[in-house]
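Structure record follows, encoded as structure tokens.
The values are calculated or read from the model by the stated rules, or taken from the named source; none is laboratory data. These figures come from a predicted structure and were not determined experimentally. Because the Cβ atoms are built from the backbone with ideal geometry, glycine has one as well, and the counts that use them run over all protein chains shown. Quick note on the areas: whole protein, heavy atoms, side chains included, nothing else; ligands and nucleic acids left out. Shrake-Rupley method; radii C 1.70, N 1.55, O 1.52, S 1.80 Å.
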Amino acid sequence: MATTHLTTQILRQTPPVCGSFRRVTTTGLSSRSPLTITFKTRKEPRPKNQKFKWARKLSLVEQSSPPKPTVDVEGLATFLYDDLPHLFDDQGIDRTAYDEQVKFRDPITKHDTISGYLFNISLLKVLFRPLFQLHWVKQTGPYEITTRWTMVMKFMPLPWKPELVFTGTSIMGINPNNGKFCSHVDFWDSIENNEYFSLEGLWDVFRQLRVYKTPDLETPRYQILKRTANYEVRKYEPFIVVETIGEKLSGSNGFNAVAGYIFGKNSTTEKIPMTTPVFTQALDPELSDVSIQIVLPSEKDISSLPDPSQETVKLREVEGGVAAALKFSGKPTEDVVRGKEKALRSNLMKDGLKPRMGCMLARYNDPGRTWSFTMRNEVLIWLEEFSLD
């Protein structure tokens, strides 16, 4: 356990107050695909808008003239790296690291004791089966630590078990008198109004409860880095596709050829398990130079795969990288797909990101066996670089 950090934090007594809060932005340095993400902290003045006033009211100490730090904040940051990954597992977080009167706030939840805080965690475990991923932990004030995270949950009470995704930052205030966490304030990337109680936050939860039918098949592996109101940013692992020339993004020309490869039309007549989605990809600005692709199982290695029987069918390794995805339901007609691509590209550029030329359409369902309103479709655009702030 990493609780040993908590036993040597007090160098001298200070007044029993809780560290103050400010929203912190960090800027990353990244490179072209294969993409790596690194971070550096950028100092930013305290926000002046009303949005963060409620968070600052949780504190009695001003960051502008703080007392001399007396707590091993760096040690607490290391502790969080060890402790927070246990947020929703059987071990759980170490409650001794928190004040009995710890104040927790997110856009739709509020608790003022450690018991309420832990009850909220237990309730999420039962209702949502959350998967929590910690991206980074940084000291952002004399008595303040900020974390960035992704949480993916399935709402178990509903028959279709919808997936809910939240990404954001948490500002952890530290009591300088005892070195324990006395406040925890969450900010979601997907909404503007993070103040409790946020109707925008409540709507963000409800709109993720809709039905999307995703077949129980293997998909390319990816990690969700950020979810905004309009798209997800994902980091894809490398994967292998079998592909041939297509007609248009919404078309199916060429599907029988690539499907034939996995059904045995290859040099060894090997039958390969089906995956999802089926991709169509355009690499040109007019979205007219199209290929159609089926992803091969991750256990396969391109050097050991049988050769396609048809000359027009090829195997290719996709190196992975970071892509933005816009999810939608209904029949993915050409006009609909091009409209989604235009909207996604516009939002990415508005947010200061650098989308690459072209796009991909991901279709997860058999159109002949799936109600259109439950179909899961996605338009994806690869990004030149991405900074996880």
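Find the accessible area per residue for the range 233-336; the probe is 1.4 Å, ligands and nucleic acids are left out, and the unit is Å².
47
Tell me which GluC sites (Glu not before Pro) from the range 166-209 have a DSSP coil assignment and no more than 13 other beta carbons within 10 Å of their own.
192
At a 1.4 Å probe, what is the % contribution of carbon and sulfur to the accessible area of the range 107-203?
Numbers: 2190 of 3730 Å².
Carbon and sulfur atoms account for 59 percent of the accessible area of the range 107-203.
Within 10 Å of each candidate Cβ there may be at most 16 other Cβ atoms; applying that plus a DSSP loop requirement, which chymotrypsin sites (Phe, Trp or Tyr not before Pro) in the range 93-194 survive?
Those that pass, being in a loop and sparsely packed, are 155, 160.
Evaluate E = 1/(1 + (r/R0)^6) for residue 319 and residue 129, where r is the Cβ-Cβ distance and R0 equals 35 Å; express this FRET efficiency to the nearest 0.05.
0.65
From a point 7 Å beyond the Cα of residue 374 in the direction of its Cβ, which residues of the range 194-221 have a backbone N at a distance under 18 Å?
What the label zone holds, given the 18 Å backbone N cut-off, is 208-217.
For the cross-link pairs 226/350; 248/350; 154/226; 271/300; 161/300, which exceed 24 Å when the distance is taken from alpha carbon to alpha carbon?
248/350; 161/300
First compute the accessible area of the range 291-389 with a 1.4 Å probe, then give the percent of it belonging to carbon and sulfur atoms.
Looking at the range 291-389 in its full context, I get 49 percent from C and S.
Using DSSP to define loop residues, name the trypsin sites (Lys or Arg not before Pro) in the range 242-292 whose beta-carbon has at most 14 other beta-carbon atoms within 10 Å.
Here the trypsin sites (Lys or Arg not before Pro) that fit, given the DSSP loop and packing criteria, are 271.
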